[in-house]
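Read through the structure below, which is laid out as structure tokens, and then see the notes.
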Amino acid sequence: MAEEALKNNDGSVQDEWGQVCNQLKMEFGETAFDSWLKPLSIGSYNNGIMDICVPTAFMKNWVITHYSDRIHKIWEHKNPNIKKINFVVRTTNNDSSLLKKISSTPTPQSFYMPQTGLASNYNESTQREGFMQLSAPLNPAYTFDSFVVGKTNEFAYAAARKVAESRNVSFNPLFLYSGVGLGKTHLMHAIAWHIKQQDPKRNVIYLSAEQFLFKFVKALRYKDTAAFKEQFRMVDVLMVDDVQFMSNKESTQEEFFYTFNSLIGEGRQIIISADKSPTDLEGIEARLKSRLGGGLVADIHPTDFDLRMGILNYKAKQMGIELPQKVAEFLAQKITSNIRELEGSLKRIVAHSQLLSRNEITLDMTQDILKDMLRSIDRKTTIDEIQKKVAEYFNISVKELQSSRRARTVARPRQIAMYLAKQLTSRSLPEIGRKFDRDHTTVMHAVRKVEGLIGEDSSLAESVNALRRMLEN
Ligand code: ADP
Ligand code: MG
């Protein structure tokens, strides 16, 4: 009966599932999709009730807590007949390919042995394959050459270069942290490329914390944790991106802690990234936190105007386009959230101008193309809101913020509020000034002052960043 129903609906339901998958991939990103959603497959469909097969119980729980609502919503939108989605633990045909892949993974002895410089048992290509499976692919565009250095990222850049260039472990681990889209992944890939180029024999493994977790879970599933551990022991340089992902996942943290300690003990280099400093990471065990912070901790601050200009000009040159400085300045003033968005908006403008075969990029055209985006930035935040949030954050009243008091404890938050007003709204300097009972030159001075401080004072930079995040959400 159920079989029959599935047969009848198979084609369309399969199609729908494909579409749902595409949507999920877009929303959650390739990595999450590959780790958690790709292994799912359709079981049966009957009377609006859909069974989706999940290979393991662990994965089932994970998918239910993280993705099931979204899957349901998307699917319901495509097919209103869907009433319920069940996740059932069952291996399907699909899954056997995964099984094959895993069982063909070379056993630990097959890996390149750093101690002897000789590969045991296997030929070179097999070893390579083994390591390639462990490491996630590297983006060829993410190199040191393509990384634009400014005040806000020069320290992290210097630390990354140092690690990439020295054969001896200089600081272990190197811990990079920043908000999203500010270049952590770029720097990690750059280190990997550099080492690979200089010394192709060194085994450099780059993977996200999520991939680490997924590989670990796979190993558990195939009762192969010994081999899993062995694989990591053969690594010369291990990079784990976005470790905040391990928050509240005790067993993964424990496994990682083990791997981490044994690698450090053997003098291998470890590089970690996260969205917060080791001490601020939440849901991470104290002993792991203290290990993570035990080497060099380098943060990338929010961008300043100069870096944004530098990046725009560099990327424009790379794309072979002429970017008028007026346009660059406009973009650098408006798109301040992160580098990914800055890059995105530049690409959009270039794509438009090429599509319409306009040879010239103008300010009018830029404003027009980015209208929706800029409007949504404006809509989100008002100066009143900014004043309220900044005052709250610094434990002062809005009245004080608008007052003429010059004490540091009030003057600095005031400057930060003016800076954020300039960045997050499209209000002019005089308009902002009026809200603070000041003239436009005071606002201009405040904006410059805060821009300067962001590059020098990391606690101030963090406050600005935190406020920006709060206001943008
Ligand atoms: P994160 O990992 O911190 O979220 P990414 O490394 O993914 O950020 O960077 C986001 C985008 O911005 C990438 O396309 C990256 O190449 C680009 N980018 C970040 N920092 C720089 C920089 N200093 N110079 C040039 N491009 C950068
Ligand atoms: Mg990243």
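Observations
- With a 1.4 Å probe rolled over the protein heavy atoms of all chains, the accessible area of Lys78, Lys315 falls in the order Lys78, Lys315, largest first.
- Charged side chains reduced to their Cβ positions (Lys and Arg at +1, Asp and Glu at -1) give segment 381-472 a dipole of some 240 debye around its Cα centre.
- Electrostatic bookkeeping for Leu370 treats Lys and Arg as +1 and Asp and Glu as -1; over the other residues with beta carbon under 10 Å from its beta carbon, the sum is +2.
- For the pair segment 237-298 and segment 299-364, the centres of their Cα atoms are 35 angstrom apart.
- Largest to smallest accessible area among His445, His352, His72, His186 [probe 1.4 Å]: His445, His352, His72, His186
- Extension gain, Gln354 to Asn248: 0.36 nm times the residue separation minus the Cα-Cα distance gives 33.4 nm.
- Evaluating 6.51 cos²θ - 1.76 cosθ + 1.60 at θ = phi - 60° for every residue in segment 439-447, the Karplus couplings come out as 9, 5, 5, 5, 5, 4, 4, 4, 4 Hz, glycine and proline recorded as x.
- Note on the chain: Cα-only Rg and Dmax are 25.7, 79 Å.
- Modelled spin labels at Glu456 and Asp145, positioned 7 Å past Cα toward Cβ, are 3.6 nm from each other.
- Here the calculated FRET efficiency for Lys25 and Ala158, from their Cβ-Cβ distance with R0 = 35 Å, stands at 0.45, rounded to the nearest 0.05.
- With DNA, RNA and ligands ignored, accessible area of Leu356 (1.4 Å probe; Å², nearest 10): 90 Å²
- Sorting the Cα pairs of segment 381-472 by distance into bins of 5 Å, from 0 upward, gives 3, 15, 29, 29, 19, 5 percent per bin.
- The 1.4 Å probe gives accessible areas that order Asp145, Asp51, largest first, as Asp145, Asp51.
- Segment 339-400 - percent of accessible surface contributed by carbon and sulfur, probe 1.4 Å: 48 percent
- Total formal charge among the other residues, if their Cβ is under 13 angstrom from that of Asp437, Lys/Arg +1 and Asp/Glu -1: +3
- Counting Lys and Arg as +1 and Asp and Glu as -1 over every other residue whose Cβ lies under 13 Å from the Cβ of Tyr314, the net charge comes to 0.
- Calculated accessible area for the chain comes out at 50 Å² per residue, all protein chains present (probe 1.4 Å; ligands, DNA, RNA ignored).
- Crossing angle, helix 154-165 versus the chain [Cα axis fit, 0-90 degrees, rounded to tens]: 30 degrees
- When each of Lys249/Lys276; Lys162/Lys289; Lys83/Lys249; Lys317/Lys449 is checked by Cα-Cα distance, pairs over 28 Å: Lys83/Lys249; Lys317/Lys449
- For the chain, the mean residue ellipticity at 222 nm estimated from helices alone is -18000 deg cm²/dmol, where every DSSP H run of n ≥ 4 contributes -39500 (n - 2.57) and the total is divided by all residues, rounded to the nearest 500.
- Convex hull of segment 127-299 built on C-alpha atoms - directionally averaged projected area, nm²: 9.3 nm²
- Here r is the Cβ-Cβ distance between Met470 and Gln14 and R0 is 41 Å; the resulting FRET efficiency, rounded to 0.05, is 0.40.
- Using only side-chain charges placed at the Cβ, +1 for Lys and Arg and -1 for Asp and Glu, the dipole size of the chain relative to its Cα centre rounds to 760 debye.
- Efficiency of FRET from Cβ geometry, Asp384 and Asn168, R₀ 35 Å, rounded to 0.05: 0.05
- Extension gain for Glu285 to Thr362 (0.36 nm times residue separation, less C-alpha to C-alpha distance): 22.5 nm.
The values are calculated or read from the model by the stated rules, or taken from the named source; none is laboratory data. These figures come from a predicted structure and were not determined experimentally. So basically every Cβ, Gly included, is an ideal-geometry build from the backbone, and we count neighbours across all protein chains shown. Calculation scope for accessible area: heavy atoms of the full protein, side chains included, ligands and nucleic acids excluded. Shrake-Rupley method; radii C 1.70, N 1.55, O 1.52, S 1.80 Å.
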